[in-house]
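For reference, the structure is listed below as structure tokens.
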Amino acid sequence: MYKLALFIIHTVFCLNNSSAQVPINSQNEEVHTTFSYAYIHVEGKFWSNKLRVDVDLGDSDKQIDEGKKLSQILTNKKSYAAVLNYMSKLGYELVNTIDLTDNRDGSGGTSGIVYIMKKAE
């Protein structure tokens with residue numbers, strides 16, 4: 001009988017604690033956030049420590065023009081981090097990086113990096 005009473009009290013406390021974590025007046029509102037993505041190809045210039053940057057924001061005329069402007073601004077930077085910092089100031093967040101490798105005459109290495117970034121609209 002003592003074990004049964006202890007089991008019932010323990011069960012009541014566990015159920016009470018688990019139900020206390022759910023807010024009573026919670027509203028189930030769905031928030032749909034749309035993102036715009038940027039595909040940024042960064043590679044070193046031949047015989048230089050400066051970078052060549054190509055920014056692809058999409059297919060519309062506005063996106064193409066904005067991508068060309070960003071490409072001109074970011075080209076000739078000397079640091080990969082400078083490219084990321086500039087895009088971060090514009091509200092973009094890094095999603096993924098892809099390293100581009102090249103293999104010539106048996107020796108290979110990284111020929112560039114692609115940043116995939118997103119920005120909430």
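Quick one: is Thr97 in a helix (DSSP H, G or I), hydroxyl-bearing (Ser, Thr, Tyr) and modelled with pLDDT under 95?
Values: in a helix (DSSP H, G or I): no; hydroxyl-bearing (Ser, Thr, Tyr): yes; modelled with pLDDT under 95: yes.
When the stated conditions are applied, Thr97 does not pass them.
Evaluate the following for Tyr37: is it among the hydroxyl-bearing types (Ser, Thr, Tyr) and open to solvent by less than 50 Å² (accessible area, probe 1.4 Å)? Explain how you work it out, then say what you get.
Working: among the hydroxyl-bearing types (Ser, Thr, Tyr): yes; open to solvent by less than 50 Å² (accessible area, probe 1.4 Å): no.
The answer is no for Tyr37.
Listed here are the residues, each with its yes/no results for (1) at pLDDT below 90; (2) open to solvent by less than 60 Å² (accessible area, probe 1.4 Å).
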residue	(1), (2)
Asn28	yes, no
Val42	no, yes
Asp61	no, no
Lys68	no, no
Asn76	no, no
Ser88	no, no
Glu93	no, no
Gly108	yes, no
Ser111	yes, yes
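Six or more apart or on different chains, Cβ under 8 Å: which pairs go from a residue in the stretch 32-43 that's polar (S, T, N, Q) to one that's in a loop (DSSP other than H, G, I, E, B)? Could you list them?
Close Cβ pairs satisfying both conditions: Thr33/Glu121; Thr34/Glu121; Ser36/Leu57; Ser36/Gly58; Ser36/Glu121.
Where the second residue is exposed (fewer than 12 other Cβ atoms within 10 Å of the Cβ) and the first is free of Cβ contacts under 8 Å to residues at least 60 places away in the same chain and lies in the stretch 79-99, which pairs have Cβ atoms under 7 Å and are six or more apart or on separate chains?
Matching pairs, first to second residue: Asp99/Thr110.
Touching a helix residue (DSSP H, G or I) at 6+ places or on another chain (Cβ under 7 Å), acidic (Asp, Glu) and part of a strand (DSSP E or B), is that true of Asp54?
Yes: the conditions hold for Asp54.
The values are calculated or read from the model by the stated rules, or taken from the named source; none is laboratory data. Quick caveat, the model's predicted, so the values are computed rather than measured. Here the Cβ is made from the backbone with ideal geometry for all residues, glycine too, and neighbour counts use every protein chain on show. Heavy atoms of the whole protein, side chains included, go into the accessibility calculation; ligands, DNA and RNA do not. Shrake-Rupley method; radii C 1.70, N 1.55, O 1.52, S 1.80 Å.
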